[in-house]
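Shown next, in structure tokens, is the structure this report addresses.
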């Protein structure tokens, strides 16, 4: 993963990705996945460039990008935290974990990414691990039977690692 998109960022990486997939409109999903991995989201200008390069309409590409929940049209933080708030997780206290994380990161249901682009916190309907409820996923690592204190400790650990590697 490299830096977040900026106007100065060249499209060289996007062109490499397009070439890797033979500029084939049949490979839109893997192309979008690779571009999102590069930018951490799908910038509008990049989507337009990809559509032009593939000879498809921007509306078609936008439709694919918005249909799949994996894709994001908004910038995401370096660390992605997802909290399940499905029935089993909710009954077992996910709302307390959600409140604790939002409070710590100064986020809300509408503001999901920290100003420093370090964290994105999302609630999801189900993570498919109901037996571990409540479930929190931090950068693709699953944490079951999570408490608010444990969730905040995970954030503290990430913060410490980031400072160490700065």
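Suppose the filter is in contact with a helix residue (DSSP H, G or I) (Cβ under 6 Å, 6 or more places away or on another chain) and within 21 Å of residue 136 (Cα to Cα); does residue 34 pass it? Against the criterion (in contact with a helix residue (DSSP H, G or I) (Cβ under 6 Å, 6 or more places away or on another chain) and within 21 Å of residue 136 (Cα to Cα)), residue 34 does not qualify. For residue 157, the conditions (1) touching a residue at least 24 places away in the same chain (Cβ under 8 Å); (2) surrounded by fewer than 19 Cβ atoms within 10 Å (Cβ to Cβ) are fulfilled apart from (1). Is one or more of the residues making up region 34-54 in contact (Cβ under 8 Å) with a residue 40 or more places away in the chain and buried (at least 17 other Cβ atoms within 10 Å of the Cβ)? Yes, the conditions are met somewhere in region 34-54. The single condition from (1) within 30 Å of residue 27 (Cβ to Cβ); (2) in contact with a strand residue (DSSP E or B) (Cβ under 8 Å, 6 or more places away or on another chain); (3) modelled with pLDDT of 95 or more that residue 126 fails is (3).
Residue by residue through region 6-26, note down the ones that are modelled with pLDDT of 90 or more, assigned to a helix (DSSP H, G or I) and surrounded by fewer than 17 Cβ atoms within 10 Å (Cβ to Cβ).
Residues satisfying the conditions are 13, 15, 16, 19, 20, 25, 26.
Against the test of being outside any helix (DSSP H, G or I) and either more than 14 Å from the chain's Cα centre (by Cα) or in the same structural domain as residue 41 (by TED's automatic domain parsing) (or both), the options 156, 116, 99 yield a single qualifying residue, 116. For residue 128, the conditions (1) in contact with a helix residue (DSSP H, G or I) (Cβ under 9 Å, 6 or more places away or on another chain); (2) exposed (fewer than 15 other Cβ atoms within 10 Å of the Cβ); (3) within 26 Å of residue 71 (Cβ to Cβ); (4) without any contact (Cβ under 8 Å) to a residue 60 or more places away in the chain all hold with the exception of (1).
Just so you know, in region 36-92 the residues that are assigned to a loop (DSSP other than H, G, I, E, B) and over 30 Å from residue 150 (Cα atoms) include one that is farthest from the chain's Cα centre (by Cα), and it is 55.
Quick check on residue 93: is it surrounded by fewer than 19 Cβ atoms within 10 Å (Cβ to Cβ) and closer than 20 Å to residue 134 by Cβ? Yes. Within the option set 53, 72, 57, 24, being outside the structural domain of residue 157 (by TED's automatic domain parsing) and within 16 Å of residue 137 (Cβ to Cβ) holds for one residue only, 72.
The values are calculated or read from the model by the stated rules, or taken from the named source; none is laboratory data. None of the values given here were measured: they were computed from a predicted structure. With ideal geometry, Cβ positions are generated from the backbone for all residues, glycine too; neighbour counts draw on all protein chains shown.
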